[in-house]
Amino acid sequence: MKRIGHKGAHTVEHGNTVASFNVARELGVDMIEFDIMRHPYEDRDRGELVIAHDPDDAAARAETSLLTMEQGLDLLASAQFSNIDLDVDMKHRGFELQLIDALQSRDLMDRTIITTMHLESLRLIREHTKNVKLGLTIPKVSRDWLNMPRAVKPILAAGIIEHRLRQPPRVAKLLEAGEIDAVMAFHAVVTPRLVKAVHESGGELYSWTVDDSETIERLFSMGVDGVVSNDPRLFDDVAVQTAVA
């Protein structure tokens, strides 16, 4: 199972920063996930690409630790990160080909997977190159499911059940058609049925974002290919418990 640091090691150091990427490397992750978006205070068609999760994150770090896409990729292409795979999460559409060019110019295509909730972006990238892995993030949501108000929890639970039923045949079809190579699934929608559908279709299944050892162990036992966590230190706890068992 691949150990994937969310935004680097967001629990230890604020995510999507040099400090967070360095901590993730020191903690021995197999892959670093990070986010790319256009700067929220620039024109969305021509604005600078930055490594940030959302507009508030970018604004809060604009004068301190905010990295441009070029700065972040230069760091992650350096020798000290050469043994770590990359998960580039596109937060919105519109810069697909710019991202490909940036990855190609740094020889990062072979160890990168581009992920997004926007299937249209993955299809556009696939039209231009087959030299990079593509992952569809599911489900497609506009709000953070982990921080929803308690009043809507019943609706959220119903949505999770729906996705558990609907997603396996959907992603299997996309994998078999060669449109994607992997699925990045919210941990609550991961079931043995989804794992089987992805693997039998020749794909990989990664789960996000898991910040407790019990859930990591549950996903590991189901056979997922990797888990994304804000705290990569949890992977050591799971490894110890699995070895003892």
- prompt: Considering 80, 98, which residue is more than 12 Å from residue 36 (Cβ to Cβ) and either assigned to a loop (DSSP other than H, G, I, E, B) or in contact (Cβ under 8 Å) with a residue 12 or more places away in the chain (or both)?
  reply: 80
field: residue 61, sole failed condition from (1) farther than 21 Å from residue 119 by Cα; (2) within 18 Å of the chain's Cα centre (by Cα); (3) surrounded by fewer than 20 Cβ atoms within 10 Å (Cβ to Cβ)
entry: (2)
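If I ask for residues that are assigned to a strand (DSSP E or B) and either surrounded by fewer than 15 Cβ atoms within 10 Å (Cβ to Cβ) or touching a residue at least 24 places away in the same chain (Cβ under 8 Å) (or both), which ones from the range 205-243 would you list? Step through it out loud before you land on a result.
Here is the first cut: in the range 205-243, the ones assigned to a strand (DSSP E or B) are 205-208, 226-229.
Scanning the range 205-243 gives 206, 208, 226, 227, 228, 229.
Can you go through 204, 217, 176, 200 and tell me which one is within 22 Å of residue 88 (Cα to Cα) and modelled with pLDDT of 95 or more?
Working: 217 fails: within 22 Å of residue 88 (Cα to Cα); 176 fails: within 22 Å of residue 88 (Cα to Cα); 200 fails: within 22 Å of residue 88 (Cα to Cα).
Exactly one of 204, 217, 176, 200 is within 22 Å of residue 88 (Cα to Cα) and modelled with pLDDT of 95 or more, namely 204.
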task: Go over the candidates 143, 150, 111 one by one and state the one that is modelled with pLDDT of 95 or more and more than 13 Å from the chain's Cα centre (by Cα).
output: 111
field: Filter result for the condition that a residue is assigned to a helix (DSSP H, G or I) and modelled with pLDDT of 95 or more, over 21, 34
entry: 21
- prompt: Does the range 84-94 contain any residue that is free of Cβ contacts under 8 Å to residues at least 60 places away in the same chain and exposed (fewer than 14 other Cβ atoms within 10 Å of the Cβ)?
  reply: yes
task: Please verify whether the range 40-51 includes one or more residues that are in contact with a helix residue (DSSP H, G or I) (Cβ under 8 Å, 6 or more places away or on another chain), among the aromatic types (Phe, Trp, Tyr) and in a loop (DSSP other than H, G, I, E, B).
output: yes
message: Given the criteria within 20 Å of residue 71 (Cβ to Cβ) and free of Cβ contacts under 8 Å to residues at least 24 places away in the same chain, does residue 109 qualify?
response: yes
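Applying the selection to the range 101-124, what residues are closer than 18 Å to residue 171 by Cα and assigned to a helix (DSSP H, G or I)?
Restricting attention to the range 101-124, the residues satisfying the condition of being closer than 18 Å to residue 171 by Cα are 113-124.
Selection gives 119, 120, 121, 122, 123, 124.
The values are calculated or read from the model by the stated rules, or taken from the named source; none is laboratory data. This is a predicted model, so every value here is computed, not measured. Neighbour counts run over all protein chains shown; Cβ positions are idealised from the backbone, glycine included.
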